[in-house]
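Quick notes on the structure that follows.
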Amino acid sequence: GYYHSAVIKTDGSLWTWGANSHGQLGDGTYTNHSDPVKILEDVVSVDLEVYHSAAIKADGSLWTWGCGDAGQLGNGSIGYQTTPVKILEDVASVSLGGDHGAALKTDGSLWAWGYNRAGQVGDGTTENKLSPVKILDDVASVSLGRDHSAAVKTDGSLWTWGRNTYGQLGDGTTGDKTAPVKI
């Protein structure tokens with residue numbers, strides 16, 4: 001993360017430490033910790049952003065916590081969440097962007113949520129999404145940047161969307177894209 005860190009121990013326990021001004025450690029407080037604090041059990045994957053965090057448990061459930069002032073937690077509300085809250089089932093991987101998130105489900109569908117001013121959620125709008133919305137099918141992997149997103153489909157094709165001020169989407173233009181564009 002920006003000023004916080006996380007580790008998954010071999011027993012599947014998730015531990016976090018560092019800055020906690022927005023509840024991004026997930027321990028139920030806003031207290032900074034210089035020593036690791038145990039947060040969840042049975043965790044297989046974790047991703048951190050500046051002020052929010054996400055973890056996937058062994059049962060495929062996706063949990064988020066921290067700053068949700070633009071919907072980036074995907075929990076259906078705006079505000080801070082100082083403990084993990086479950087937002088999706090059957091998740092294979094998660095990627096967090098600046099203020100948005102995306103999850104690849106085990107059926108290959110891609111779901112996204114959060115801040116969407118530049119179309120980085122990919123649903124064809126610029127309205128923030130407080131809960132996950134389905135974006136694409138047949139997705140193999142996803143990666144998010146600050147205000148843009150990218151996915152590789154199972155056929156090997158690359159799709160990008162969101163902020164494109166500097167041509168970061170790779171489509172030969174500098175205009176934002178609110179829906180996935182095949183590169």
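The values are calculated or read from the model by the stated rules, or taken from the named source; none is laboratory data. None of these values were measured; they are calculated from a predicted model. Cβ atoms come from the backbone with ideal geometry, glycine included; neighbour counts cover every protein chain shown. For the accessible areas, the whole protein counts, side chains as well, though only heavy atoms, and no ligand, DNA or RNA atoms are used. Shrake-Rupley method; radii C 1.70, N 1.55, O 1.52, S 1.80 Å.
Residue by residue through the stretch 62-77, what is 3J(HN,Hα) from phi via Karplus (6.51 cos²θ - 1.76 cosθ + 1.60, θ = phi - 60°)? Round to whole Hz and write x for glycine and proline.
9, 10, 10, 6, x, 6, x, 5, 10, x, 5, 8, x, 9, x, 9
State the percentage of accessible surface on the stretch 45-100 attributable to carbon and sulfur atoms; use a 1.4 Å probe and exclude ligands, DNA and RNA.
Solvent-exposed carbon and sulfur of the stretch 45-100 make up 44 percent of the total.
Compute the projected area of the convex hull of the Cα atoms of the stretch 133-180, averaged over all viewing directions, and report it in nm² to one decimal place.
It is 3.3 nm².
Projected onto the charge dipole of the chain (+1 at Lys/Arg Cβ, -1 at Asp/Glu Cβ, origin at the Cα centre), which of 54, 100, 162 gives the Cα projection farthest towards the positive end?
162
Kirkwood hydrodynamic radius for the chain: how many Å is it when counted over pairs of different Cα atoms?
16.1 Å
For residue 40, which sequence-distant residues (separation of 5 or more, or a different chain) have an amide H within less than 5 Å of its own amide H, given hydrogens modelled in the peptide plane?
14
Would you mind checking which residues have amide H under 5 Å from residue 92's amide H? H placed 1.01 Å from N; only 5 or more apart, or other chain.
104, 105, 106
Treating the beta-carbon of each Lys and Arg as +1 and of each Asp and Glu as -1, no other charges, what is the dipole magnitude of the stretch 35-183 about its Cα centre, to the nearest 20 debye?
280 debye
List the residues whose amide H sits under 5 Å from the amide H of residue 32, counting only those 5 or more places along or on another chain, with H placed 1.01 Å from N in the peptide plane.
20
Provide the convex hull volume over Cα atoms per residue for the stretch 89-180, in Å³.
74 Å³
Taking only protein heavy atoms and a 1.4 Å probe, what accessible area per residue, in Å², does the chain have with all protein chains in place?
Dividing the accessible area of the chain by its residue count gives 44 Å².
Once phi is turned into θ = phi - 60°, what whole-Hz ³J(HN,Hα) does the Karplus curve with 6.51, -1.76 and 1.60 give for every residue of the stretch 7-21, x standing for Gly and Pro?
For the stretch 7-21, the Karplus curve yields 9, 9, 7, 4, 7, x, 7, 9, 10, 10, 6, x, 5, 9, 4 Hz.
Enumerate the calculated ³J(HN,Hα) couplings along the stretch 167-183 in order (Karplus 6.51 cos²θ - 1.76 cosθ + 1.60, θ = phi - 60°), each rounded to whole Hz, writing x wherever the residue is Gly or Pro.
These are the phi-based 3J(HN,Hα) values: x, 5, 7, x, 9, x, 10, 10, x, 4, 10, 8, 9, x, 10, 6, 9 Hz.
Would you give the gap between the C-alpha center of the stretch 110-175 and the C-alpha center of the stretch 55-94, rounded to a whole Å?
19 Å
For the chain, what is the relative contact order in percent, using Cα pairs closer than 8 Å and at least 6 residues apart in sequence?
Taking the mean separation of contacting Cα pairs over the length of the chain, I get 14 percent.
Which one of 77, 115, 20 has its Cα pushed farthest toward the positive end of the charge dipole of the chain, where Lys and Arg give +1 and Asp and Glu give -1 at the Cβ?
Going by the charge dipole, the pick is 115.
Which entries of 38/105; 86/177; 38/182; 57/134; 38/177 have Cα-Cα distances beyond 32 Å here?
38/182; 38/177
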